[in-house]
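Everything below concerns the one structure shown next.
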Amino acid sequence: MPESPQSPESPETPVRKARADAARNREAVLAAADALFARSESPRGVSMDQVAAAAGVGKGTLFRRFGDRDGLIRAVFDARSRALRAAVESGPAPLGPDTPARERVPALLDALLGFKLDNRPLALALEEPGGNSPYRSAHYAWWHGVLRDALAAAGGVPDPGYAAHALLAAVRADLVEHLAAVEGLTARRQRERLAAYVANVLG
């Protein structure tokens, strides 16, 4: 029986392979950076050389994909917060969009505070003053928009946009760190204080 002729390789195959390799490299870098950041006092104490070696990729790959260490810190933060963001975008109550606004606002802020308490060094590195000011970041703009809209839907809050900024200031990473490391507030006490503050804003 004659052999059937082989189909010529699709010209898109190398492109697909390159994309798959790039995706694998990205995940390897994120996993390596996440592990190194978790073991370090601060992500800023981890070099790009260390991340590249742990991920098994060239240093150039890191810079092409993430730009610099700040970009890598943002990417790890985004990866860690992916589940929380999904819960806010499409999850059930109390975080999801179908939750009554006056229940959702305190739940959103409590969840964000909890995330920053669980990821203190990473959040602090991301939000430090200067080029990494949280007000310039995509994640801050997203949270601000969600919170502003929820405050507007709650009613009775003058200037929801400004109020959203003020409430997000209460969960800034540097404040969370100060309250925990300097004032000695436990996570539970921080959450209780935040809940009381949010209740006052909502009236």
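Things to note:
- Among V157, V51, V176: highest mean-square fluctuation, GNM of the chain, C-alpha pairs under 10 Å: V157
- Two-site FRET efficiency, A138 against R65, from Cβ-Cβ distance with R₀ of 22 Å, rounded to 0.05: 0.85
- Column: log10 I(q)/I(0), Debye, Cα scatterers of segment 9-106, q = 0.15, 0.21, 0.23 Å⁻¹: -0.72, -0.95, -1.05
- Protein accessible area in the chain, 1.4 Å probe - carbon and sulfur %: 54 percent
- Using the average count of surrounding beta-carbon atoms within 10 Å as a protection proxy, the listed peptides 178-184, 33-39, 137-143, 122-128 rank, highest first, as 122-128, 33-39, 137-143, 178-184.
- Square roots of five times the Cα gyration tensor eigenvalues for the chain, Å: 40, 23, 14
- The chain: most fluctuating residue of T99, T13, T61 per GNM, C-alpha cutoff 10 Å: T13
- Extended-chain gain in nm, criterion 0.36 nm per residue less alpha-carbon gap, D149 and A196: 14.9 nm
- The length gained on full extension between R16 and A79, counted as 0.36 nm times the residue separation minus their Cα-Cα distance, comes to 20.3 nm.
- Cα-based Kirkwood hydrodynamic radius, segment 28-74, one decimal, Å: 10.2 Å
- FRET efficiency, 1/(1 + (r/R0)^6) with R0 25 Å, evaluated for A23 and R120 via beta carbons: 0.25
- Note on the chain: GNM, Cα springs under 10 Å; of R120, R136, R44, the largest mean-square fluctuation is that of R136.
The values are calculated or read from the model by the stated rules, or taken from the named source; none is laboratory data. Quick caveat, the model's predicted, so the values are computed rather than measured. Methodologically, a virtual Cβ is constructed for each residue, glycine included, from the backbone with ideal geometry; neighbour enumeration extends over all protein chains shown. All accessible areas refer to the heavy atoms of the entire protein, side chains included, with ligands and DNA or RNA removed. Shrake-Rupley method; radii C 1.70, N 1.55, O 1.52, S 1.80 Å.
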